[in-house]
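Engineer: Take this structure first; my questions come after.
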Amino acid sequence: MYDIIIYVLLGLSVGYIGGYAGIGGGPFLVSFLVLFLGMSQLMAQGNILTMMLGPMSLLGVLSLYNYVKKLWNSIIVGVLAYCLFSYFGAIGAFYIGNTNLSSYFALLLIFIAGIQISTLLSKKNSSNHQEVEHVSLLWIFILASITGTLGGLFGIGAGVLMVPILTILFKLKKEFARALSLAILIPPVSYGAFIKYNTELSINWQLVSILFFSYFIANYFGTKKGSKASKKVFNSIYSFILISIAIIYLIK
């Protein structure tokens, strides 16, 4: 019973954060399962990638539908590229193994935190740059391929890397970037990675189900809040938490 309560609270909190920032929340979920519930890195990643098979961001996408309906071509390209390349990322994860993968995961958290910090710094110099509402399909394919590979390798979703890259490098408007990354997570986008993890590990379906439904509910409210709020404070806190988790990983 205690474990179930922990799973629900974890899903609710990360679901809210994911909707707020337009990310899947994978780094938080994987980190918690490894550091606090004692799972191996590969087992934690396999469970989170299995959770991503469901339409985890559906309610959040519905709240951003006015943006989503303008991005259908980009969403389709992103889904296909992510799904395909997540399989190759999963192969890489098992090739690397638990110990080294944990160290690389910590470095990834620091890298993601660095991107979030650069987002804050870039806003000081972005007044002369006009924001856009579309990015070419070729670049969407490249970005989704990279995030798909990293997703299979580390158990993360599309948005944690895609949103800051789209907003900083491509000057895509924040709401369009959030809508795109959340919409990519609706289909079973991690299926490619799931095939590999499911053949190598025993998935905890109770954990997956509880995390999915609690995340699913909270994601909507986080998305609504994120549409109205400034991300300056959130990005600062988010970066601090990621770096803190990375330090714990490296010490452990």
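Readers should treat all values here as calculations from the given coordinates under stated rules, not as data from a laboratory. Computed from a predicted model, the values in this text were never measured in an experiment. When we count neighbours, we look across all protein chains shown, and the Cβ atoms used for this are built from the backbone with ideal geometry, even at glycine.
Engineer: What value in Å³ per residue do you get for the convex hull of the alpha-carbon atoms in the range 17-79?
Structural biologist: Given the Cα convex hull of the range 17-79, per-residue volume reads 92 Å³.
Engineer: Using the alpha-carbon atoms, what tilt in degrees (0 to 90, nearest 10) does helix 26-35 show relative to the longest principal axis of the chain?
Structural biologist: For helix 26-35, the angle is close to 30 degrees.
Engineer: While we're looking at this one, here's another question. Find the all-direction average of the projected area of the Cα convex hull for the range 2-251, expressing the result in square nanometres with one decimal place.
Structural biologist: Projected area, direction-averaged: 11.9 nm².
Engineer: Roughly how big is the range 2-251's charge dipole about its Cα centre, with Cβ charges of +1 (Lys, Arg) and -1 (Asp, Glu), in debye to the nearest 20?
Structural biologist: 840 debye
Engineer: I would also like to ask the following. Just from its helices, what would the mean residue ellipticity at 222 nm be for the chain, if runs of 4 or more DSSP H residues each count -39500 (n - 2.57) and the sum is divided by every residue, rounded to the nearest 500 deg cm²/dmol?
Structural biologist: The per-residue figure over the chain is -25500 deg cm²/dmol.
Engineer: Select from the range 1-88 those chymotrypsin sites (Phe, Trp or Tyr not before Pro) which occupy a DSSP coil region and have at most 14 other Cβ atoms within 10 Å, ordered by residue number.
Structural biologist: Taking the range 1-88 and a limit of 14 other Cβ atoms within 10 Å, the loop chymotrypsin sites (Phe, Trp or Tyr not before Pro) found are 36.
Engineer: Next up: Report, to the nearest 10°, how far helix 41-51 tilts away from the longest principal axis of the Cα atoms in the chain, using its own Cα long axis and a range of 0 to 90°.
Structural biologist: 60 degrees
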